[in-house]
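What follows is a set of notes on a single structure, which appears directly below.
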Amino acid sequence: MKQMIGRASIRLEKGVYIRSSASIVGKKEGEGPLGPLFDMVGEDDLFGCSTWEEAESTLQKDAVSLALGKAGLKPEEISFLFAGDLLGQSIATSFGISSFGIPMFGVYGACSTCGEALSLGAMAISGGHAERIVCVTSSHFASAEKEFRFPLEYGSQRPLSAHWTVTGSGAFVLDKERTEEARAGISGITVGKIVDYGLKDSLNMGACMAPAAASTIQQHFQDFGTAPEEYDRIITGDLGRVGKTVLLDLLKEKGYDLESRHMDCGIEIYDPDTQDPHAGGSGCGCSAVTLSAYILKQLEEKNWKKVLFLPTGALLSKTSHNEGKSVPGIAHALVIEGLR
């Protein structure tokens, strides 16, 4: 049965269900507008560990444990695990979830990793290659600052266009069966391509990622033959306030008006008046914890019927930045529907 449609999309013929999910965040995220919705909020962003990297590994381990517990499953009942983070060699993932003993695919799409992991997991289940899959991603403000910018001890100033990396991890159990506790269904995917407008400002990632988000959204509408009005929300991962403006302008030039239904996880997760997140939140954990805690809740409560979920990523490293390279972007989209 052919599931590929258009240039870059897949309509999943066999149902893929988000059976359970879990969200664990740091203190700052817990103090934000979505704070009461997260499953766990840490009082100390080291989470009882001695390093920031170990703390992020703990986030992933606890998120997977909680998601499995909600689904009533053991690690040996999971076919594969798709996981990733922002650190070199994905060390938060490899040290965090190795104890589960689940066959694993490590994925990296920068801040779009949640969308990539869910897409690959849904494809594996719909294609008959797995029965149950766990997808997990994480990020940590302090470990990301050390990896991509400056260690916190340096005390560098951040421009208003900069993002605040979310400390958090979101885990999802995907299942081929629609169980009683299932939260939502994944019915379609549009795979993003690398888009590079030549921007080199690593402290303005929203502007760097927005063209990729616009490209994937336009491709999705073309492949599926849909329009913005068919979705209750079109949700980007972490464009922030700067990237949101760029995205809406780019899509208006293409004839798409998203003004009334666009939402960005990086804008929703912090309160700009009391928390000073600059342009907004970012990181692999940003879209993951927002999906688990807030977006799926809206679908469960039937406030929304269908959303287009679109985590966005800036594909840079310290090496590429120091060599004067630009910051390409990528975004992967999933159609997530409530279960009636």
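Listed by chain and number, the lysines whose alpha-carbon sits under 17 Å from that of Lys306, ignoring those within fewer than 8 places in the same chain, are Lys297. Protection proxy ranking, highest mean first, for peptides 79-85, 216-222: 79-85, 216-222, where packing is the per-residue count of other beta-carbon atoms within 10 Å, averaged. Cross-link pairs exceeding 29 Å in C-alpha to C-alpha distance, out of Lys61/Lys176; Lys176/Lys254; Lys28/Lys244, comprise Lys176/Lys254. Full extension of the chain segment joining Lys193 with Ile91 gains 34.2 nm, where the gain is 0.36 nm per residue of separation less the Cα-Cα distance. Across region 103-111, coupling constants 3J(HN,Hα) worked out from phi with the 6.51/-1.76/1.60 Karplus curve, θ = phi - 60°, read x, 10, 10, x, 10, 9, x, 6, 6 Hz, and Gly and Pro carry x. Within the chain, DSSP assigns beta bridges of which about 65% are antiparallel (rounded to the nearest 5). On full extension, the segment bounded by Ser320 and Asn303 gains 1.8 nm, given 0.36 nm per residue less the C-alpha separation.
The helix-only estimate of mean residue ellipticity at 222 nm for the chain, built from DSSP H runs of length n ≥ 4 each weighted as -39500 (n - 2.57), is -9500 deg cm²/dmol after division by the residue total.
Distant-in-sequence amide contacts of Lys305, defined by a placed amide H-H separation under 5 Å and a gap of 5 or more residues or a different chain, comprise Asp232.
For region 318-333, the Karplus equation 6.51 cos²θ - 1.76 cosθ + 1.60, evaluated at θ = phi - 60°, returns couplings of 4, 5, 4, 5, 5, 8, x, 6, 7, 10, x, x, 8, 8, 10, 10 Hz by residue, with Gly and Pro reported as x. In terms of the mean number of neighbouring beta-carbon atoms within 10 Å, the peptides 26-38, 304-316 order highest first as 304-316, 26-38. Determine the gain in length on full extension of the stretch Thr226-Glu259; use 0.36 nm per residue of separation and subtract their C-alpha separation, reporting nm with one decimal. Contour length minus Cα-Cα distance gives 10.2 nm.
Normalised by residue number, the volume inside the convex hull of the Cα atoms of region 184-337 is 109 Å³ per residue. Taking 19 Å as the straight-line reach from the Cα of Lys318, the aspartates and glutamates in range (excluding those fewer than 8 positions away in the same chain) are Glu53, Asp85, Glu145, Glu147, Glu153, Asp196, Asp201. Once the Cβ-Cβ distance between Lys14 and Glu76 is put in as r, and R0 is 22 Å, what FRET efficiency do you end up with, to the nearest 0.05? The calculated FRET efficiency here is 0.40. For Rg and Dmax of the Cα atoms in Å, one of [x] 22.7, 94; [y] 18.2, 56; [z] 20.1, 70 was computed from the structure I shared and the rest are decoys. Which label? From the options [x] 22.7, 94; [y] 18.2, 56; [z] 20.1, 70, the structure gives [y]. Per-residue packing, averaged as other Cβ atoms within 10 Å, sorts the ranges 274-280, 103-109 into the order 274-280, 103-109, beginning with the highest.
List the lysines whose Cα sits under 23 Å from the Cα of Lys325, skipping any in the same chain fewer than 8 residues away. Answer for Lys325, where 23 Å is the Cα cut-off: Lys146, Lys193, Lys200, listed by chain and number.
Average the reciprocal distances over every distinct pair of alpha-carbons in region 196-267, invert the result, and give the Kirkwood radius in Å.
Here the Kirkwood hydrodynamic radius works out to 12.3 Å.
Read the figures in this text as sums done on the coordinates, not as results from a lab. On a predicted model such as this, the values are computed, not experimentally measured, just so you know. Cβ: placed from backbone, ideal geometry, glycine included. Neighbour counts: every protein chain shown.
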